[in-house]
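The values are calculated or read from the model by the stated rules, or taken from the named source; none is laboratory data. This structure is a prediction, so every number in the text was calculated from the model and none was measured. Cβ placement follows ideal geometry from the backbone for every residue including glycine, while neighbour counts extend to all protein chains displayed.
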Amino acid sequence: MAEYVRTIAARFSRFVLAHSCAPRHRARLPLQVCVADDGEAYGAPRIPALAGYTYDISATGLSLLLPTVVVGNRHLTFGSRVLRIGLRLANGVVNFYAVPVRYEQVESAGGPHFVIGARITAIDGEDRARLAAYLRSLRGVKEKAARGSVANVSY
């Protein structure tokens with residue numbers, strides 16, 4: 001009986017997790033990231049930006065692939081840092097703020113890199129619309145590919 005209850009609980013947890021997150025799409029998009037500074041609104045010197053790429057992206061967050069997690073003398077994932085991100089899409093640059101929720105070092109052909117998972121915390125309406133349009137285009141490509149692969153199956 002206990003095993004049956006655990007099985008039901010596990011299935012329910014997977015169902016809730018599968019339906020509570022925005023769908024992520026694998027995409028390698030160029031981006032610039034830096035620590036958002038409280039003084040930037042008052043004309044303080046801009047903090048240098050770090051170039052990187054996305055690993056995946058959704059309407060609520062993204063994974064950044066970066067060569068380091070330190071910009072200037074600031075650690076991108078320290079404490080509750082807010083990151084300012086400029087993401088280059090085909091339909092323009094999307095600017096937003098995000099908060100890191102996890103990071104890990106990974107090995108790649110070009111040497112060690114860092115993957116930072118971040119949750120989008122602030123994005124203006126125009127940029128949100130551009131990001132949503134891009135994500136819809138990815139979903140359409142994925143659906144067309146799925147239909148094409150099914151259509152090519154011979155029985």
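Among the residues of segment 56-82, which ones are within 22 Å of PRO112 (Cα to Cα), in contact with a Ser or Thr (Cβ under 9 Å, 6 or more places away or on another chain) and of a type outside the set (Ser, Thr, Tyr)?
ASP56, ILE57, LEU62, LEU64, LEU65, VAL69, LEU76, listed by residue number.
Residue under question is GLU143, and the condition is that it be closer than 21 Å to ALA27 by Cβ and modelled with pLDDT under 90; does it hold?
So GLU143 fits the description; yes.
Are any residues in segment 48-66 out of contact with any His (no Cβ under 9 Å at 6 or more places or on another chain) and without any contact (Cβ under 8 Å) to a residue 40 or more places away in the chain, and if so, which ones?
PRO48, ALA49, LEU50, ALA51, TYR53, THR54
How many of the residues in segment 68-89 are farther than 26 Å from GLU126 by Cβ, surrounded by fewer than 15 Cβ atoms within 10 Å (Cβ to Cβ) and touching a residue at least 40 places away in the same chain (Cβ under 8 Å)?
1
Step by step: first the residues of segment 116-136, then only those that are buried (at least 16 other Cβ atoms within 10 Å of the Cβ) and of a type in the set (A, V, I, L, M, F, W, C), then the one that is farthest from ILE57 (Cα to Cα). Which residue is that?
Among them, the one singled out is ILE123.
Can you tell me how many residues in segment 90-100 are of a type in the set (Phe, Trp, Tyr) and surrounded by 17 or more Cβ atoms within 10 Å (Cβ to Cβ)?
So the count comes out to 1.
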